[in-house]
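Read the figures in this text as sums done on the coordinates, not as results from a lab. The structure displayed is predicted, hence computed values, not measured ones. Cβ atoms come from the backbone with ideal geometry, glycine included; neighbour counts cover every protein chain shown.
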Amino acid sequence: MSERFLCHPSVRHVVSCLEAAGHPHPVIALDDTARSAQEAAAALGVETGAIVKTLVFTAGDPETPVIALVAGDRQCDVKALAACVGGTGKCQRPDADRVKAATGYAIGGVSPIGLPAGLPVFIDASLFRFPVVWAAAGHPHCVFQAAPSALETLTSAAVTDGISITG
């Protein structure tokens, strides 16, 4: 039943990007939703921290989208993220329409893979505690696995120590 999610256009985009990069692990469809880190961890039988939250913020003036890849058991430190992009203050969470316009994905399935060129992406260094992490693949029921170093390469992300806080 869950295999039907693999036909969704956003998922096919992620699959195409992963294949083009030679990534060895397929996108998988889950029977249960993976809209939150807790749901994804339960569905996969892994620690919540091994789930990658792909968070979209806007920063600066004019507001520019920025992506933070944060461990599922952490929260993004928005002031630290703003500093990473050279701003002061903190980043803001955009509405669902702005997220879709900036990333091509709907909230609940925003993948770190296949984002438009030029979006700054920062990866939470705490993800490197895990040999394998899981990220959304374009739909709330679809995920893929990667070593954190592979995710760093696939997303051209800057590894950043201060962008997450326990919470």
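Observations, loosely collected:
- For segment 1-41 versus segment 99-139, the inter-centroid distance based on Cα atoms is 12 Å.
- With neighbours defined as other Cβ atoms within 10 Å of a residue's Cβ, the residues HIS13, HIS25 order from fewest to most as HIS25, HIS13.
- Taking every DSSP beta bridge that has both ends in segment 2-166, the antiparallel portion is near 70%.
- Gyration tensor verdict on the chain (Cα atoms; rounded if a/c is under 1.5, prolate if a/b is larger than b/c, oblate otherwise): prolate
- 3J(HN,Hα) couplings calculated from phi for segment 118-124 with the Karplus curve 6.51 cos²θ - 1.76 cosθ + 1.60 (θ = phi - 60°) are, in sequence order, x, 6, x, 10, 10, 10, 5 Hz; Gly and Pro show x.
- Fluctuation leader among GLY49, GLY104, GLY118 - the chain, Gaussian network, Cα springs under 10 angstrom: GLY118
- Residue-wise HN-Hα couplings along segment 98-112, as the Karplus relation 6.51 cos²θ - 1.76 cosθ + 1.60 with θ = phi - 60° gives them from phi, are 5, 4, 4, 5, 6, 10, x, 10, 8, 3, x, x, 5, 9, x Hz; Gly and Pro carry x.
- Rounded if a/c under 1.5, otherwise prolate or oblate - segment 75-167, Cα gyration tensor axes: oblate
- Gain upon complete extension [GLU19, ARG98; 0.36 nm per residue less C-alpha separation]: 25.7 nm
- For the chain, the relative contact order is 28 percent, taking Cα pairs closer than 8 Å that sit 6 or more residues apart in sequence and dividing their mean separation by the residue count.
- Close amide H contacts of ILE163 (hydrogens built in the peptide plane, cut-off under 5 Å, sequence separation of 5 or more or a different chain): ALA125.
- Counting only lysines at least 8 places from LYS90 when in the same chain, those with an alpha carbon closer than 19 Å to its own are LYS53, LYS79.
- Segment 1-101: trypsin sites (Lys or Arg not before Pro) in DSSP coil with no more than 15 other Cβ atoms inside 10 Å: ARG35, LYS90
- Among THR48, THR153, THR33, the largest mean-square fluctuation in a Gaussian network model of the chain, built with springs joining Cα atoms closer than 10 Å, belongs to THR153.
- Loop-located GluC sites (Glu not before Pro) in segment 1-82 (DSSP state other than H, G, I, E, B) with a sparse environment of at most 12 neighbouring Cβ atoms within 10 Å are absent.
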